[in-house]
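Data first, discussion second: the structure below is written as structure tokens.
The values are calculated or read from the model by the stated rules, or taken from the named source; none is laboratory data. What you are looking at is a predicted structure, and each value in this text was computed from that prediction instead of being measured. Note: ideal-geometry Cβ built from the backbone for every residue, glycine included; neighbour counts use all protein chains shown.
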Amino acid sequence: MRSTQHFEPEIYSEEATFNIPFINSCSMNTTHPTIANGKICYVELPSNDPKASSEFYKQIFGWNIRTRGDGATSFDDGVGEVSGAWVKGRKAAAEVGMVVYIMVDNIEDAINSIEKHGGKIVQPLGMDAPELTARFADLDGNIFGLYQEPIK
């Protein structure tokens, strides 16, 4: 991370929290995000147009979009556990290497919404059967996976 801020834990009563002012919990989450060693907590997404990218993720996944104090467009995921920001000047993650999967309630609806909002499906549903997964490229070409819990 390029930030010069220090992530030193501060103790409030018996629980440790981190003093990270640019990461806020999602308004949909009535509790604080989980603070634990090893938790993935922040993601920087390359984008040439953060405003368009933020709208894409908001419409498809219900992410909470906000503006940080420094003016950067940032987000909290749909459950308030992962935050991040769109950053200009970086190459999109357009090749399959490390793939981050976004959990969805209905993968077919998510695929339709991605295509409706300008994204592209780069690995269709069914390629990882019996798992319910697919992969998509967002407006900037970043590749992410979709994952739906198995239907019981």
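One table, with the values for the structure above:
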item: Any pair with Cβ under 7 angstrom, 6 or more apart, that starts in the range 104-127 at a residue that is surrounded by 15 or more Cβ atoms within 10 Å (Cβ to Cβ) and ends at one that is part of a loop (DSSP other than H, G, I, E, B) and of a type in the set (A, V, I, L, M); result: 107/125; 111/125; 119/139
item: Per-region count, the range 82-103, residues surrounded by 16 or more Cβ atoms within 10 Å (Cβ to Cβ) and assigned to a loop (DSSP other than H, G, I, E, B); result: 3
item: Residues of the range 56-77 classified as touching a strand residue (DSSP E or B) at 6+ places or on another chain (Cβ under 9 Å) and either surrounded by fewer than 16 Cβ atoms within 10 Å (Cβ to Cβ) or aliphatic (A, V, I, L, M) (or both), total; result: 6
item: Lone unmet requirement of (1) aromatic (Phe, Trp, Tyr); (2) in a strand (DSSP E or B); (3) at pLDDT below 50 for residue 7; result: (2)
item: Test for residue 40: is it at pLDDT 95 or above and either among the aliphatic types (A, V, I, L, M) or farther than 18 Å from residue 92 by Cα (or both); result: no
